[in-house]
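Okay, so here's the structure we're looking at.
The values are calculated or read from the model by the stated rules, or taken from the named source; none is laboratory data. All values derive from a computational prediction rather than experimental measurement. Counting neighbours? That spans all protein chains shown, and the Cβs are built from the backbone with ideal geometry, glycine included. In case anyone asks, the SASA skips ligands and DNA or RNA and just uses the protein heavy atoms, side chains included. Shrake-Rupley method; radii C 1.70, N 1.55, O 1.52, S 1.80 Å.
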Amino acid sequence: MNSSEEHFSLVNVPTHLKEFVVEQDYDRYTPVDHAVWRYVMRQNSNFLGKTAHVAYLYGLTTSGISVEHIPDISEMNKSLSKIGWGAVTINGFIPAVAFFDFQAHQLLPIACDIRQYDHIAYTPAPDIIHEAAGHAPIIEDEKYRMYLKEFGEIGSRALSSREDYELYEAIRLLSIVKEDPGSTAEEIQAAEEDLDRKAAAVTEISEANELSRLYWWTVEYGLIGDLDRPLIYGAGLLSSVGESMSCLKDDVKKIPFSLQACIETDYDITKPQPQLFVCKDFDQLIEAVREFSKRMALSLGGTESLIKASKMPQTSTSVYSSGLQVSGILTGLKMDDKGEAVYLQTTGPTALATKDKERIGHGKDYHAEGFGSPIGLLAIDPTPLEDFSDEQLSAAGITVGNPATLLFQSGVEVKGVVKYILREEDRVVLIGFDQCTVTYQGETLFQAAWGTYDMAVGEKIISVFAGAADREAFSTGTHKPSEVVAKRQEYTLQELRQQAIYQEVRDIREQNPDADKVSSRIKPILSEVQKDYQDDWLIRLELLEILTTKQILPEERDQLLAELEERKAKDEQDAQLIENGLALIP
């Protein structure tokens, strides 16, 4: 069994989401990476113990996360399983609908990369500090994880648009370029300009876009409690050394949480947030997401919902009033004179289901070329066809083995030999025809030469949502993983030596030898750091921590402090990071 298979064995990853899961490859984390993790976590544990939601510190210990080293996701799974959750590693940004789908299955998607040393305070790219140390601790709170699950359930069914997906790709590219130490200023500028163009192209705010905003202002950047003295629960704040401290200052506007305000407020992932929303408690968030679900195509159905789905170049499901679910890429709608949809058409692999279970013989292999069917009542009877009794079917001439002509009120005509009639809980859901033609306003929608015509039955469309009804059988989700991937970093000899130095310092700290041995081991390290790594303030903090803890080498300690002060004077951002680090040295 390889490591990926072992990873899958720890949690029940749905088939349609497995394509997003990648191997953590724990051994690729460098000693510098672990030092970055340790710095951020020591800062956050100290500061957030006073300013974060009460679940934070307790959640750190119960979710398999250590301050000292980057977490192994398999260890996190063992810990999270106690509350019925799990974790999977993913490759950076994934489409929002897929991210929500993981949460619907009580799985925390964790980007396995870690931010660069130069981006230690904040990174626009999702990384393991953000995903693991930001998201995981708060799900210890039962109400909060209820919110995440319910959000995931509706979010995974939210309709998006082509523009949404192109915007996602632009955001993903920018996050990769900004986190790549080899990126040039020109490449970063080009990615930023591409993002601006894609953002400007979004003229309609889709359900998925609105939910992404709600997610951003709650799960990522939410505050909770008293408006004047709120606590932090958003993962973006919990994982950012800089913003977790600055967000509570008066220059960041605090706004009482409301569903409408959140979905109307856009955000920029590359900048600190100028305002934040403060909810009273997690019950308020649960109420909000339930309220949002009532206005979704998932709950409303109808022509407007079908039009939204037709703008989404990914799989969606249209649910007939009979209960039949048609899952595929909706590409065509025929409208009557009143603008109501009277016929729907999918293109490419399509599956038919009832109660979220694929009908035998009606999977995407059978309907590989697409599926089309009328919507509405028959012209001869005001009773919906799905409610016809056997006697009514017979009276209408719809009997197996005999020719029949079905004329709908819309004008759609289906003419052929009845091959089968399928019911689900005494309701007609499908009628099959051989030698069939389907026409509407002089246009032929189906020809006899194409084979059996499988006609969906239903007076109206009562629900439309993203993804397939039976996602396991359909086996692919609404979106595919991006083809844009981060390059594996290559290190110079000097960088490899720098990593070796960090490992030596880590070994000294963890092995905790006596003072004499520490002195003899650290002196050559100090000499090399001072000679070859003049700008590295983090290794100096780690060395100073050891020397101060051991109360040894006072001259060397003074020298390290002087070098750190010199670094503070050169760089304003480093100055704050160094000051924060010094504050934790006893």
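When the residues of the range 225-234 are narrowed to those that are buried (at least 24 other Cβ atoms within 10 Å of the Cβ) and of a type outside the set (F, W, Y), which ends up farthest from L148 (Cα to Cα)? Give the steps one after another, and end with the answer.
Filtering the range 225-234 for residues buried (at least 24 other Cβ atoms within 10 Å of the Cβ) gives 232-234.
Remaining after also requiring of a type outside the set (F, W, Y): 232, 234.
Numbers: I232: 16, G234: 12 Å.
Across the range 225-234, the extreme among qualifying residues is I232.
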Original post:
Restricting attention to the range 181-221, and to residues there that are surrounded by 20 or more Cβ atoms within 10 Å (Cβ to Cβ) and among the acidic types (D, E), which single residue is farthest from P272 (Cα to Cα)?
Top reply: E207
Original post:
What is the residue count in the range 368-414 for residues that are farther than 16 Å from G323 by Cα, of a type in the set (S, T, N, Q) and in contact (Cβ under 8 Å) with a residue 12 or more places away in the chain?
Top reply: 4
Subject >> Residue selected from the range 80-97 under the condition aliphatic (A, V, I, L, M) and open to solvent by less than 10 Å² (accessible area, probe 1.4 Å), by the criterion nearest to the chain's Cα centre (by Cα) >> reply: V97
Original post:
Quick one: is S66 open to solvent by 20 Å² or more (accessible area, probe 1.4 Å), farther than 17 Å from A235 by Cβ and assigned to a helix (DSSP H, G or I)?
Top reply: no
Original post:
What is the number of the single condition among (1) buried (at least 22 other Cβ atoms within 10 Å of the Cβ); (2) farther than 27 Å from Q498 by Cβ that C112 does not meet?
Top reply: (2)
**OP:** Would you please name the residue that is farthest from the chain's Cα centre (by Cα), looking only at residues in the range 297-333 that are open to solvent by less than 10 Å² (accessible area, probe 1.4 Å), farther than 13 Å from A468 by Cα and of a type in the set (A, V, I, L, M)?
**Re:** L306
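Taking the condition of being of a type in the set (V, I, T) and either farther than 17 Å from L211 by Cβ or out of contact with any Lys or Arg (no Cβ under 9 Å at 6 or more places or on another chain) (or both), how many residues in the range 251-289 meet it?
Of all residues in the range 251-289, those of a type in the set (V, I, T) come to 252, 255, 263, 265, 269-270, 278, 286, 289.
When the remaining residues are screened for being either farther than 17 Å from L211 by Cβ or out of contact with any Lys or Arg (no Cβ under 9 Å at 6 or more places or on another chain) (or both), the result is 252, 255, 269-270, 278, 289.
Within the range 251-289, residues that are of a type in the set (V, I, T) and either farther than 17 Å from L211 by Cβ or out of contact with any Lys or Arg (no Cβ under 9 Å at 6 or more places or on another chain) (or both) number 6.
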**OP:** Please give the number of the condition I139 fails out of (1) aliphatic (A, V, I, L, M); (2) open to solvent by less than 50 Å² (accessible area, probe 1.4 Å); (3) modelled with pLDDT under 90.
**Re:** (3)
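Of the residues R567, R521, only one is under 20 Å from Q43 (Cα atoms) and out of contact with any strand residue (DSSP E or B) (no Cβ under 6 Å at 6 or more places or on another chain); which? Please lay out each step first, then the result.
Values: R521 fails: under 20 Å from Q43 (Cα atoms).
Result of the check over R567, R521: R567.
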Subject >> Cβ pairs under 6 Å, 6+ apart, first in the range 266-290 and buried (at least 16 other Cβ atoms within 10 Å of the Cβ), second hydroxyl-bearing (S, T, Y) >> reply: Q273/Y221; L276/Y221; F282/Y144; F282/Y147; L285/Y147; L285/T218; I286/Y147
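Identify, please: which residue in the range 29-52 is touching a residue at least 60 places away in the same chain (Cβ under 8 Å) and of a type in the set (S, T, Y) and is, among those, nearest to S246 (Cα to Cα)?
T51
Condition test on A96, is it of a type in the set (G, A, S), modelled with pLDDT of 90 or more and under 21 Å from L214 (Cα atoms)?
On the way: of a type in the set (G, A, S): yes; modelled with pLDDT of 90 or more: no; under 21 Å from L214 (Cα atoms): yes.
Spelling it out, it is not the case that A96 is of a type in the set (G, A, S), modelled with pLDDT of 90 or more and under 21 Å from L214 (Cα atoms).
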**OP:** Mind listing whichever residues of the range 277-305 are of a type in the set (A, V, I, L, M, F, W, C) and closer than 23 Å to L167 by Cβ?
**Re:** F277, V289, F292, M296, A297, L298
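Restrict the check to the range 343-360 and report whether at least one residue is in contact with a helix residue (DSSP H, G or I) (Cβ under 7 Å, 6 or more places away or on another chain), of a type in the set (D, E) and either farther than 15 Å from L430 by Cα or open to solvent by 70 Å² or more (accessible area, probe 1.4 Å) (or both). Spell out how you get there, then give the answer.
Residues of the range 343-360 that are in contact with a helix residue (DSSP H, G or I) (Cβ under 7 Å, 6 or more places away or on another chain), as a first pass: 344, 351, 358.
Remaining after also requiring of a type in the set (D, E): 358.
Filter once more, so that each one left must be either farther than 15 Å from L430 by Cα or open to solvent by 70 Å² or more (accessible area, probe 1.4 Å) (or both): none.
No, that holds for no residue.
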**OP:** Quick one: P126 ticks every box in (1) over 29 Å from R471 (Cα atoms); (2) under 16 Å from the mean Cα position of the chain (by Cα) except a single one, so which number is it?
**Re:** (1)
**OP:** Mind checking which helices (runs of 4 or more DSSP H) fall wholly inside the range 225-273 and carry at least 2 residues that are over 25 Å from E287 (Cα atoms)?
**Re:** 241-246
Original post:
Which residue pairs have Cβ atoms closer than 6 Å, lie 6 or more positions apart in sequence or on different chains, and pair a first residue in the range 570-585 that is in contact (Cβ under 8 Å) with a residue 40 or more places away in the chain with a second residue that is open to solvent by less than 50 Å² (accessible area, probe 1.4 Å) and among the polar types (S, T, N, Q)?
Top reply: N580/Q43; I585/T548
**OP:** Please specify each residue of the range 22-61 satisfying the condition of being β-branched (V, I, T), modelled with pLDDT of 90 or more and either in a helix (DSSP H, G or I) or closer than 19 Å to K78 by Cβ (or both).
**Re:** V32, V36, V40, T51
Subject >> Criterion: over 30 Å from T15 (Cβ atoms) and more than 41 Å from the chain's Cα centre (by Cα) - qualifying residue of P374, P403 >> reply: P403
